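Step one of this worksheet: look at the structure below.
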Amino acid sequence: MKANIGTADRVVRIIIGLAIIGVGICYRSWWGLIGLLPLLTAAVRFCPAYVPFGISTCKAEGEKPPVPPGGPKPA
């Protein structure tokens, strides 16, 4: 499984998952358990629903982080 969930997508999934669980607890409904799905996909950083559509919110593998002004710092 190659990760296909980026950082922003992961944060949104965690917030939505916790909100769904909170509403389920508030209304005392087992439907709140559906909130575990976004939490699980955020934890493993893989969404099976993205695969058929070729979607990935991760940064490109070949993409390097930006170099700060003044160049890299010596090691």
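No value in this document is a laboratory result; all are computed from the given coordinates. Quantities reported herein were computed from a predicted structural model and do not represent experimental measurements. Note that we place each Cβ from the backbone using ideal geometry, even for glycine, and neighbour counts take in every protein chain shown.
Counting every other Cβ atom within 10 Å of each residue's Cβ, TYR50, TYR27 order from fewest to most as TYR27, TYR50. Note on the stretch 7-47: Cα Rg divided by 2.2 N^0.38 Å, N the number of residues, gives 1.13.
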